Amino acid sequence: MREKTLALLRDLTQAHGVTGYEDEVRRVFRKNVSGEIVTDRLGSIYVRRQGTDAAPIIMLAGHLDEVGYVVQSITSEGYIKLAALGGIWSHTVLGNRLRIKTSESQQVIGIVASKAIHYTTEPERATVIPTEDMFVDVGAKSIEEAQQKYGIRVGQPIVFDSNFINPGNGDIVIAKALDNRVGVGVAIEIANALLEIKHPNTVYCGANSQEEIHGRGATTAANLIKPDVGLVLEGIPADDFPGSSVESRQGAMGAGVQIRILDGSAIMNHKLNQFLIEIAESLKIPYQVTVRRRGGTDASLINLNNMGVPVAVLGIPVRYTHTANSMIDTNDYFYCRDLLVEVIKQLDDSAYRQFIAY
């Protein structure tokens, strides 16, 4: 089972899937599930699992996309200028390799370049270079060569070029796009588990498009599915880095699945959260409870569908999210997956009615 999960995460994270250009990720999803698949018109994708009862309808939602760029322009000298898709701190970008997708079967590797340190001034060295001042070098000598030899055009999608690494064959995984291919992976594994598990509900397991640009796909997918309950799966920023106090850590890597109380975009249903916590405690599954002052997830859009949908966010802590190389402890992934299996087995109409009783 562990080797299957690692293979799935490898396929998902290596897929080229910047916001709005998630075709490769959808292909990985389709390859790994069977059954009735539904999609909205923005590219969100779900597989339906019918249980013993039609209701409640549960929307188990990751998101397909990763942060990245598109080709904004090509200079006369053949350098590529960038426009960002999603929140990327430009401080982390210089010197990284990028993959420009020039066709369905072709990609071009370039380097996010800048002046060598030998030619910079002290003030320049202390300045974070904005995205619009960066350039990508693919080795082209002119705009004509960039277009004709390399096939580069304005608007082509770009992701970080980073390998999938499992150091020492242990619990740690390093890759790009763990936010939020971990959520997609859990959704796939739950969909496959439900083929063998009796559950008193209807579950849609899948992922939304365009989360990194204001959660657009969550709105259209929720309109399609019309869920009674939304369970959002996220690769959330880990906060166990040097300089943070132990007391303030609510998303430590390896410490368990994170159950979010609220963030800058939504207040989760507290009865649903308590339902999750009680199940986690009964199974002795490690979990972390968190209150976030900022940030947001697709829960905020699903929450406002129809007359209101009770939502919860289950997070897998990711170090260095929204950079070229992020990191997880796979135990957190398994804690999230195992908790959800039991939650879905117990989330019947009676439990759902308690979440919306006011």
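A helix-only calculation puts the chain at -8500 deg cm²/dmol for mean residue ellipticity at 222 nm, using -39500 (n - 2.57) for each DSSP H run of at least four residues, averaged over all residues. Aspartates and glutamates within cross-link reach of Lys284: Cα-Cα under 19 Å, excluding same-chain residues under 8 positions apart? Counting by Cα, and skipping residues close in sequence, Lys284 has these aspartates and glutamates nearby: Asp329, Asp332, Asp338, Glu342.
Between Gln288 and Val257, Gln258, Ile259, the built amide H atoms are under 5 Å apart, and every one of these is 5 or more places off in sequence or on another chain.
Remark: relative contact order (the range 99-238) = 19 percent; criterion is Cα-Cα distance under 8 angstrom and separation of 6 or more residues. Where the centre of each part is set by its Cα atoms, how far does the range 173-224 sit from the range 76-103, in angstrom? If you average the Cα positions of each part, the centres end up 27 Å apart. What is the angle, in °, between the Cα long axis of helix 330-346 and the longest principal axis of the Cα atoms in the chain? Nearest 10 is fine, range 0 to 90. Roughly 30 degrees, rounded to the nearest 10.
Each residue of the range 166-171 was assigned a 3J(HN,Hα) from its phi angle through the Karplus curve 6.51 cos²θ - 1.76 cosθ + 1.60 (θ = phi - 60°); the sequence is 10, x, x, 6, x, 8 Hz, with glycine and proline shown as x. Between amide H atoms placed 1.01 Å from N, distances below 5 Å from Leu85 occur with Gly68, Tyr69, Val70, all of them 5 or more places distant or on a separate chain. Of all beta bridges that DSSP places with both ends in the chain, some 60 percent have antiparallel geometry.
Whole-Hz Karplus values for the range 228-243 come out as 8, 9, x, 10, 9, 9, 9, x, 8, x, 5, 10, 9, 9, x, x Hz, taken residue by residue from phi with 6.51 cos²θ - 1.76 cosθ + 1.60 and θ = phi - 60°; glycine and proline positions read x.
The fraction of all Cα pairs in the chain landing in successive 20 Å bins from 0 to the largest distance is 30, 54, 15, 1, given as whole percents.
Within the shell defined by Cβ-Cβ distances under 12 Å, the residues around Ile58 carry a net charge of 0, with Lys and Arg each +1 and Asp and Glu each -1.
For the range 201-216, the Karplus equation 6.51 cos²θ - 1.76 cosθ + 1.60, evaluated at θ = phi - 60°, returns couplings of 5, 10, 10, 9, 9, x, 7, 8, 8, 6, 5, 5, 10, 6, x, 4 Hz by residue, with Gly and Pro reported as x.
Here the contact order of the chain, divided by its residue count and restricted to Cα pairs under 8 Å and six or more residues apart, works out to 23 percent.
Less than 13 Å apart at the alpha-carbon level, and either on another chain or at least 8 residues along: which aspartates and glutamates does that give for Lys101? Reachable aspartates and glutamates: Glu22, Asp23, Glu24, Asp161.
Every read-out reported here was derived from the displayed coordinates using simple, explicitly stated rules and does not represent laboratory data. As the structure is a prediction and not an experimental result, all values here were calculated from the model. All Cβ positions, glycine included, derive from the backbone under ideal geometry; neighbour counts span all protein chains shown.
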